[in-house]
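Here's the structure we're looking at; comments come further down.
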Amino acid sequence: MTETTTIEKGIDVYAIREQFPILDREVKGKPLVYLDNAATSQKPKVVIDALVNYYSGYNANIHRGIHTLAEEATAAFEATRDTVQHFIQASSREEIIFTRGATEGINLVAYTWGRQNLEQGDEVIISTMEHHSNIVPWQIICEEKGALLRVIPINDDGEILLDEYEKLLSSNTKLVSVVHASNSLGTINPVRQIIDAAHNAGAIVLIDGAQSTVHLDIDVVEMDCDFFVFSGHKVYGPTGTGVLYGKKKLLETMPVFQGGGEMIKEVSFTKTIYNDLPYKYEAGTPNIADVVALKAALDFVNHIGKEHIRKHEDELLHYATISLEQIPGLTIIGRAKEKVSVVSFVIDKIHSQDIGILLDNQGIAVRTGHHCTQPLMDCFGITGTSRASFAIYNTKEEVDKLVAGLYKVIKLLS
């Protein structure tokens, strides 16, 4: 199974690959085949250049300085906020809070809104397929407040059971927090239906968009979520960056998350007056350079177009699924009808870690283990999977190398 070209209308994947310097390297003497994009995406040169340009051209602290470098740095930092607002279609730039990633965004909501609003006997609903980052913060707050954590079951294909979800909703439900797209299964959840049902029950909703934002068009207003989080490093941006979107009326009533510089207007030893949104939740010197470079990443995605990215990734997912199904003893975990470009699998009598090590010896990078979704793995009765996840720069030839590599693994270990 080979393909000599992967050129679609409007995009040339091989020209796009040339924009990613790391794709030229070798691993263990083999050309790198990077199929671990659900963990983190590689970075195009425009993102790397943005980091270098910041540190070499206008490195300074932001917001408080009046000198030229401070003003240039502030302008670049705030330009990213405007880009993020348009990228997820938020109503206001004040609703865009910079964080270190989706994990911090969820924790921010848990420790502010959760502490302020949850009481004894209240309920928080999550799903079976949640990342640990969308489980543990709610466990902590529920234990602290005497609230109950409820879990939406899934079917054998890895899809949320909406009927069972609606049975969980009650007047005790205060918040629903679910992943938009599963990092382990690729499942795209029907978030609009989930949100509407929660709102009808009087609950608010947080959507974890860590895996969806790079693949799907995001419109938080149309979606009508109350909170939405995503990580920059999965959208071709730098690590240590992320975004929390929150409806302005909620953010204004929530308590602060951290104390320090920038999140204040006035401080005395008797009273502190907190800053306006969005700065109320951005204490201290932020990750300026990486936030500036995040704009370059989002511009990169916008330039290619989400529709082209999704089409290419869907083709890779379809091709990979058919190809992997031909391998004796291999079972794909997660067969949802709607998926992002993630395929997880197990092979009879071969541990996922052994698969990962032996593929790495061939220059092929996949993720192995429970993918920070241990309860989900327990649901399927397995300890973990091997996971291949695709990005705009991946090709069908790389899928062929993965398949050939797995045949070598099986031959070696049989």
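The values are calculated or read from the model by the stated rules, or taken from the named source; none is laboratory data. Predicted model, so just to flag it, every value in this text is computed and none were measured. For neighbour counting, all protein chains shown are included, and Cβ atoms are generated from backbone atoms with ideal geometry for every residue, glycine included.
Quick look at the values:
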read-out	value
Scope the stretch 248-278; condition touching a helix residue (DSSP H, G or I) at 6+ places or on another chain (Cβ under 9 Å) and assigned to a helix (DSSP H, G or I); matching residues	248, 250, 251, 252, 253
Lone unmet requirement of (1) surrounded by fewer than 21 Cβ atoms within 10 Å (Cβ to Cβ); (2) not assigned by TED's automatic domain parsing to the domain that holds residue 224 for residue 37	(1)
The stretch 387-404, residues that are in contact (Cβ under 8 Å) with a residue 40 or more places away in the chain, within 17 Å of residue 330 (Cα to Cα) and surrounded by fewer than 21 Cβ atoms within 10 Å (Cβ to Cβ)	400, 401, 403
From 322, 327, 273, residue being closer than 30 Å to residue 74 by Cα and of a type in the set (A, V, I, L, M, F, W, C)	273
Residue 331 hydroxyl-bearing (Ser, Thr, Tyr), more than 18 Å from residue 217 (Cα to Cα) and in a loop (DSSP other than H, G, I, E, B)	no
Residues located in the stretch 353-373, provided they are more than 18 Å from residue 401 (Cα to Cα) and surrounded by 15 or more Cβ atoms within 10 Å (Cβ to Cβ)	369, 370, 371, 372, 373
Filtered residue count, the stretch 123-137, keeping only those that are of a type in the set (A, V, I, L, M, F, W, C) and either in contact (Cβ under 8 Å) with a residue 60 or more places away in the chain or not assigned by TED's automatic domain parsing to the domain that holds residue 161 (or both)	3
Among (1) part of a helix (DSSP H, G or I); (2) more than 14 Å from the chain's Cα centre (by Cα); (3) under 18 Å from residue 212 (Cβ atoms), the one test that residue 126 misses	(1)
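Conditions (1) assigned to a helix (DSSP H, G or I); (2) closer than 26 Å to residue 197 by Cβ, marked per residue:
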residue	(1), (2)
65	no, no
74	yes, no
79	yes, no
107	yes, yes
110	yes, yes
119	no, yes
